[in-house]
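The structure under discussion appears below in the form of structure tokens.
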Amino acid sequence: MIPRMRSALLAMAVLVLGTAASAETHKYKPTAGVPTFAVRPPVLTIKPGDTVETETFSRPGDYYDPKVAGPWPGEVGPFAIEGAAPGDTLVVRILKLTPNRDIAVSNVRPNGISGVAADNRTRMLNEPLPPRRYVWRIDRARMTGVLDIPASASKRIELPLAPMLGRVAVAPAGEQVWEGLWPGDFGGNMDASDVGQGATVYLPVFHPGALFYFGDFHALQGDGEIAGSGLESTADVTFQFDVIKGKAIRWPRIETDEHIMVAGSIRPLVDAFRIAYVELIEWLVADYGFDKMDAYQIASQAGVVRVANVVDPNYTVVAKFPKRFLPPRTAPRSP
């Protein structure tokens, strides 16, 4: 476990299946990617408490190639977690997340996806932006990204990296099948930069085993992902999984040392905002003993918002509450 990480939901220790005594570490190297989040046979089955050392998937000539700009390689998964059942919560701790190649690409495409220009869903009067492919150099020792920009005054820029996973998901409810570009209540392509090393992600479980997917590593991404692309690259990642039995949540939750958070994904943007805050307020009531109206008031004054993406088919907003203002947890109530 990451030092200082305090997972609020995991304080309900009697409801968590994993135990240190029985935990195993699995090494999994993906050989293929999948294009959708859906129910399919697992590529790996593990027990609660287990750790998986793995990596995002890539193949020669795919999207990450600096020269050919090939097809998207797909997501890794699903991993099945024994004992996970509908109505439970899947707990995903990101213990390690580090780039494993020395370049990252960022594409700007005509009629692609954009937060500020015409794209394939929103027409504007101006002509589409011209295509451009930016290839950043990744300095893994210094954890920076470097880009030559000869048309600009500075000629070169260097930015500190903030590695994140754009896509973490479970198989969606029922017979739903969602393409990899979509986020929703199952997680998916939320593009929330809070989903990085040291974070714990909580996902609702809709099917036996939960069926966990991940992918879309960004070495860096600004809020909104306005160009439709972060610094897209590949990474080594280590997860630890647990299951909270009988604890149902409606939308993905994220926890770091500083904040508890809820991610809402829908269009229009204001509805994603509403989902995130409603779920956050209900979390404060259920697990921290706030009166509902008091939670509404406190969140209104101390809440923090991240607009994670405004380019995907559904927009994602992350509502955060600072943990330093949380009282001790109360006895768990019904979700």
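The values are calculated or read from the model by the stated rules, or taken from the named source; none is laboratory data. All values reported here derive from a predicted model rather than from experimental measurement. Here the Cβ is made from the backbone with ideal geometry for all residues, glycine too, and neighbour counts use every protein chain on show. Accessible surface areas use protein heavy atoms only, side chains included; no ligands, DNA or RNA. Shrake-Rupley method; radii C 1.70, N 1.55, O 1.52, S 1.80 Å.
When region 173-205 is filtered for residues that are aliphatic (A, V, I, L, M) and either within 19 Å of Ile249 (Cβ to Cβ) or in contact with a Lys or Arg (Cβ under 6 Å, 6 or more places away or on another chain) (or both), the ones remaining, listed by number, are Ala173, Met190, Ala192, Val195, Ala199, Val201, Leu203, Val205. Filtering region 135-193 to residues that are out of contact with any Pro (no Cβ under 9 Å at 6 or more places or on another chain) and at positive phi leaves Lys155, Gly174. Whenever a residue of region 310-321 is more than 22 Å from Trp283 (Cα to Cα) and in a strand (DSSP E or B), it has no partner that is of a type in the set (A, V, I, L, M, F, W, C) and open to solvent by less than 10 Å² (accessible area, probe 1.4 Å) lying with C-beta atoms less than 6 angstrom away and at least six residues away or across chains.
If the Cβ limit is 8 Å and pairs must be 6+ apart or interchain, which residue in region 51-64 that is among the basic types (Lys, Arg) pairs with which residue that is open to solvent by less than 10 Å² (accessible area, probe 1.4 Å)? Short answer, once both residue conditions are applied: Arg59/Pro73. Examine region 207-230 for a residue that is in contact with a His (Cβ under 6 Å, 6 or more places away or on another chain), of a type outside the set (Lys, Arg), assigned to a loop (DSSP other than H, G, I, E, B) and open to solvent by less than 10 Å² (accessible area, probe 1.4 Å), and state whether such a residue exists. The answer is yes; a qualifying residue exists.
Within region 269-277, none of the residues are in a strand (DSSP E or B) and either out of contact with any helix residue (DSSP H, G or I) (no Cβ under 9 Å at 6 or more places or on another chain) or open to solvent by less than 20 Å² (accessible area, probe 1.4 Å) (or both). Taken together, the residues in region 132-152 that are in contact with a Leu (Cβ under 7 Å, 6 or more places away or on another chain), in contact (Cβ under 8 Å) with a residue 60 or more places away in the chain and not hydrophobic (A, V, I, L, M, F, W, C) amount to 1.
If you check Ala319 against the conditions, is it small (Gly, Ala, Ser) and under 17 Å from Asp194 (Cβ atoms)? Spelling it out, Ala319 is indeed small (Gly, Ala, Ser) and under 17 Å from Asp194 (Cβ atoms).
Kindly indicate whether any position in region 250-259 is free of Cβ contacts under 8 Å to residues at least 24 places away in the same chain and either farther than 30 Å from Pro66 by Cβ or not basic (Lys, Arg) (or both). Looking through region 250-259, none of the residues is free of Cβ contacts under 8 Å to residues at least 24 places away in the same chain and either farther than 30 Å from Pro66 by Cβ or not basic (Lys, Arg) (or both).
Only one entry in Val195, Val262, Val237 is in contact (Cβ under 8 Å) with a residue 40 or more places away in the chain, touching a Leu at 6+ places or on another chain (Cβ under 6 Å), farther than 27 Å from Pro30 by Cα and open to solvent by less than 10 Å² (accessible area, probe 1.4 Å), namely Val262.
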